[in-house]
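What follows is one structure encoded as C-alpha cells, with my remarks underneath.
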Amino acid sequence: MDCHQCQKHCHSVKNKPSWWKRLTKKPPSRQMLARDGNIALVGTPNVGKSVLFNRLTGVYVNVSNYPGTTVEVSRGITKIKDRQIGVIDTPGMYSLVPISEEEKVARDLLLQESLDVVIHVVDGKNIGRMLPLTFQLIEAGLPVVLAVNMMDEAENLGLKIESNALTMELGIPVVLMSAALNRGIRELKQAILQSLSSQSKPALANLEVGK
Amino acid sequence: MTRQIIYPEPIEQAISAIESWLESLGKSNVLGQYSLSRRSLALLLLQKDPTLWQTLEQAPQQQQEIEILLTVAQNQLQYPLDLAIAETRQKQARDLEALTIQTTKPAANSFPETLHRLSVNPLTGFPILIVILYFGVYKFVGEFGAGELVDRIEGFFEGQINPVVNQIVAQILPWQPLQDLIGNDYGIITLGIRYATAIVLPVVATYFLMFSLLEDSGYLPRMSLMLDRLFKSIGLSGRAVIPMVLGLGCDTMATMVTRTLETKRERLIATFLLSLAVPCAAQWGVILGLLAQKPAALVVWGGLIMAIFLVMGYLSAKLFPGTSGAFYLEIPPLRLPKLQNILTKTWIRMKWYFWEILPLFIWASVLIWLGKLTGLFDLIIRGIEPFAVAIGMPAETAPVFLYGFFRRDYGAAGLFDIQQQGGLTGNQLVIAAVVLTLFLPCIAQLQIMIKERGLKTTLAMIAFIVPFAFLVGYCVNLSFNLLGVSL
Amino acid sequence: MNALSKVKIGQVQTVAKLGTQETTVRRKLMAMGITPGSSLIVEQRFPSYIVKVGYTRAALDREIAATIFVN
Ligand SMILES: Nc1nc2c(ncn2[C@@H]2O[C@H](COP(=O)(O)OP(=O)(O)OP(=O)(O)O)[C@@H](O)[C@H]2O)c(=O)[nH]1
Ligand SMILES: [Mg+2]
C-alpha cells in the first residue's frame, strides 16, 4: 500500500527498475548485486510474502493484515551459505492474467525478468484455492518452490498437510513454514539452494517442460 | 514428472496448434521476448491476456491467425474459454487438496471468530465502529496526542527553547532582520521547527500508531464491508474506505493509495473528496485541540464537514458518468498485531512525514521572512483581510489563511497560536476551522494529485475548492448571525 | 437453482453458476474460491454479504450476490 516508503526511503530500490531493465541483457553487471541468481516471491494477496521478504533480506517493507498492501516491487539481497542471492517482493496476484494495476506489476515481472527460482507463497489454510496459480507457474516453465505459509494457523484449525505427497504430485520442492514466527525459513533457504544448483546446467530445459 | 494439467480436448488442440505455430514463427515471433514457456503463452492467448494481445498488434498477421485458432476452440465449448481453463485448474486443485490435507480435529469456535462475528453484525458492528472511532481517534489522537502531547512539547518549546534561541541570536547576530530569520515570531526555529515538532508531529505520530493497529488487526476490511453501502451512495465502494481512513492521517499518502481503486471514476471522486473534505491528522488534531473546550463548536464543525463530505460525494457521483465499482473483498482473519511491526511501521511513516514537512515548514518561515522584509507579506495579507473579515474573522487571522496555503496543518497550527494568545470567539473558531479544513490541499498533496490525476483535473479541482471554502465560511457566518447562534 | 439472496443463512450450498457478465468480477470470484462446484456458506446479508468458502471469507455487495446461483 504505502508506495511512498519506496520512493522516500529506499531510493536505490525505487530507482533500480529503470536501469535494471536496461541491464537485463548484460548479466555480468547485474551480478554485482545478486551474484548468485535472483528469486521472486509471488502469490495471492495477504499470504505473507512481505513478511518472508523481510525475514530473508532484513529490508522492511510494509506488512498489514489485508489484501493489497504491496503495490510495487521491492528488492533485497539474502545470504545463503556463501551465496548472495537477489530477492524480489511482488504485489499479490490471483492468476497469471492480471485484473488490477498491482497484479499487472507482479505478472510483468514474471514475464520480463529471468528468475532462477520463483517461490510461490501460499496460505496453508487455503491450499486448494491457491494451487491453480502453482499450476500456472509450473506450466510457464518457471522453477517453482512452493512455500506453504501460515502453518501455525492451519495447525490450530486441525489441518495436517502431507508435504511429501504434494512434492510427489506437483514435482516441485514444498516447504511448510510460518514466516511470521520465523519457522521454516532455514528449510526454505535449503530448498532455494538445491533448486539453484540442480538447474545450474540445464537452465533452459525448463522451457521444454511445458511439452 | 512435473504435474501437467490436462485441459478439455478442444483447448488442448488449440494449445498444440498455437504452440507449433509459435515454433514455426521462429525469430519473427513477437512473443519471443517473454520468458514463459510456449504452452503458457498459448494459454494466456486463449484467455485474451491484454498485454500479450497488445504485443501481437505489432504483427497483425499473427494476431489474425491466433484469432482463428481461438474461435475454433471456442466453438467447440459451451462456455467461455477462460472459464473452462480456470475450472479445469480449480478441479485439479481441489482433488490435490483432498489428497494431501487431512482435518485432524473439528475447528473450535475460537475467540477471534467470535470477535469477527461481533464486528460485522450490524447490531454490534456499528456500535463497535463508533467505539473504535471514539477511543482511537477522539480520545487517543485528539485528547492525548493533540491535547496532552502537544501541550507538553509546545510548553517545552515556549519555556525552554525559544527564549534560549532568541537570546543567542540577539547576542551573536548584529542585525535585527537576521535575528528574525532564526528566532522571534516567525523564525526558522521558533516557528518552522516548532510547528513541525511540537504541534504536527505528536498528532501524526499518535494517528499512525492507531492506524497501524487497525491495519494489523485486520479490522480495516471489516470496516470496508460495513461502510460499502454508504460509500456506494457517494460514488465510491467499500474498497475506498481504506484510503479515506488513511487520509485522516495524511492526505498525500492517501492520494497515492487511491491507485488500488479499480475504476477511473472512483479514483477521481476519491481524490476530490480527499482534497476537499478529509482533513489530515495534523489538521483535525489541532482543530480538535482548539475546540475541545467548546463541545457545541466541535459538533458543529464535525457535522458540517461530514455533511459536506457526503453531499459533495453524492453530487459528484451524479455529475461523473458511470456506476460505482463492484465490491468484493477477501476478509482475512482477525490477528493479534505484532508489537514490533506496529512500532516499525509507525516509526517509518513518522519519519517519512517529518522529513516531508520539515523542509516545507522551514521554507515557509524563510518566505514569510522575505515577505516581511520586502513588504510583500503585508501586501498579500491586506489582500486577504477583506475575505477574512467577510467571513466574520478578525483581520489578524489573515496570515493563517496564507499559512494554510503552504500546508493545511501549517494553517491549523497558526490558528492554534492565535487562540493561545486568546483572541477568537467560538463562532470565529468554527468558521476558521471549517474554511481551513476545506481549503487547498498542501503542496505535497498537490504534487501527487498532479502526478496521479493530471494537471488539468487538479487545476479544475482547485478552481472549485478555493471559492467553495470561502463561500461555505461566508454562509456559516451569515447563518450564525441570522440565527443568533453564539458558540 | 437459487440466487444467494434467496438462500438460508448458515447452510452449506453448492455453487451452480456465476451469472455475472463482467469478466473481472467472475475472475475475482473464482480466485476467492467461488467457482461452480465449490461449496459455500452465506454468513450474513447486511450491510454486505459475507460468504465463507473453505477457510476463506469474502465480502460481496448485493449486486454481485444476486448473480451467484447455488443448488
Ligand atoms: N499467523 C501467521 N500470520 C502470518 C504469517 N505470515 C504472515 N502473517 C500475517 O499475514 C498478514 C499479511 O502479511 P503480508 O506479508 O503483508 O502479506 P503479503 O503477501 O505481502 O500481502 P500483499 O502485499 O497484500 O500481497 C500480516 O498480518 C502478517 O502478520 C504466518 O506465518 N503466520
Ligand atoms: Mg506484501
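B:Asp378: assigned to a helix (DSSP H, G or I), more than 22 Å from B:Val311 (Cβ to Cβ), free of Cβ contacts under 8 Å to residues at least 24 places away in the same chain and not hydroxyl-bearing (Ser, Thr, Tyr), yes or no?
It is true that B:Asp378 is assigned to a helix (DSSP H, G or I), more than 22 Å from B:Val311 (Cβ to Cβ), free of Cβ contacts under 8 Å to residues at least 24 places away in the same chain and not hydroxyl-bearing (Ser, Thr, Tyr).
Open to solvent by 30 Å² or more (accessible area, probe 1.4 Å), closer than 21 Å to B:Arg335 by Cβ and either within 6 Å of ligand 1 (Cβ to nearest atom) or not in a helix (DSSP H, G or I) (or both): is that true of A:Asn54 in this structure?
No.
Being open to solvent by less than 10 Å² (accessible area, probe 1.4 Å) and touching a Leu at 6+ places or on another chain (Cβ under 7 Å) is the filter here; which residues of the range B:249-277 pass it?
B:Asp251, B:Met253, B:Ala254, B:Thr255, B:Val257, B:Glu266, B:Ile269, B:Ala270, B:Leu276, B:Ala277
Run B:Glu262 past the list (1) in a loop (DSSP other than H, G, I, E, B); (2) more than 14 Å from chain A (Cβ to nearest Cβ); (3) more than 14 Å from the chain's Cα centre (by Cα) and report the number of the one that doesn't hold.
If we test B:Glu262 against (1) in a loop (DSSP other than H, G, I, E, B); (2) more than 14 Å from chain A (Cβ to nearest Cβ); (3) more than 14 Å from the chain's Cα centre (by Cα), just (2) comes out false.
For residues in the range A:59-92 being of a type in the set (A, V, I, L, M) and surrounded by fewer than 20 Cβ atoms within 10 Å (Cβ to Cβ), which is nearest to ligand 2 (Cβ to nearest atom)?
Across the range A:59-92, the extreme among qualifying residues is A:Val59.
Any residue that is under 23 Å from B:Thr88 (Cβ atoms), more than 14 Å from chain A (Cβ to nearest Cβ) and among the polar types (S, T, N, Q) - is there at least one of those in the range C:61-70?
Yes, the range C:61-70 has at least one match.
Give the residues of the range C:23-53 that are in a loop (DSSP other than H, G, I, E, B) and either more than 7 Å from every other protein chain (Cβ to nearest Cβ) or at pLDDT below 90 (or both), sorted by residue number.
Correct list: C:Met32, C:Gly33, C:Ile34, C:Thr35, C:Pro36, C:Gly37, C:Ser38, C:Arg45, C:Phe46.
For the range B:111-216, list the helices (runs of 4 or more DSSP H) that sit wholly inside it and hold at least 1 residues that are free of Cβ contacts under 8 Å to residues at least 60 places away in the same chain and assigned by TED's automatic domain parsing to the domain that holds B:Ala254; which are they?
Those helices (runs of 4 or more DSSP H) span B:122-132, B:150-156, B:162-172, B:176-182.
Out of all the residues in the range B:425-432, is one or more of a type outside the set (S, T, N, Q) and either under 13 Å from B:Ala282 (Cβ atoms) or surrounded by fewer than 17 Cβ atoms within 10 Å (Cβ to Cβ) (or both)?
Looking for residues that are of a type outside the set (S, T, N, Q) and either under 13 Å from B:Ala282 (Cβ atoms) or surrounded by fewer than 17 Cβ atoms within 10 Å (Cβ to Cβ) (or both), one finds none in the range B:425-432, hence no.
Given the options A:Ser114, A:Ser95, name the one that is away from chain C (no Cβ under 14 Å), in a loop (DSSP other than H, G, I, E, B) and either more than 16 Å from ligand 2 (Cβ to nearest atom) or within 14 Å of the chain's Cα centre (by Cα) (or both).
So the residue among A:Ser114, A:Ser95 that is away from chain C (no Cβ under 14 Å), in a loop (DSSP other than H, G, I, E, B) and either more than 16 Å from ligand 2 (Cβ to nearest atom) or within 14 Å of the chain's Cα centre (by Cα) (or both) is A:Ser114.
Give the residue, chosen from B:Leu191, B:Leu178, that is out of contact with any His (no Cβ under 9 Å at 6 or more places or on another chain) and either surrounded by 15 or more Cβ atoms within 10 Å (Cβ to Cβ) or at pLDDT 90 or above (or both).
The conditions single out B:Leu191.
The values are calculated or read from the model by the stated rules, or taken from the named source; none is laboratory data. All figures in this text were calculated on a predicted structure; none of them were measured in a lab. Backbone-built Cβ (ideal geometry, glycine too); neighbour counts: all protein chains shown. Ligands, DNA and RNA are stripped out before the accessible areas are found, and what is left, the full protein with its side chains, is counted by its heavy atoms. Shrake-Rupley method; radii C 1.70, N 1.55, O 1.52, S 1.80 Å.
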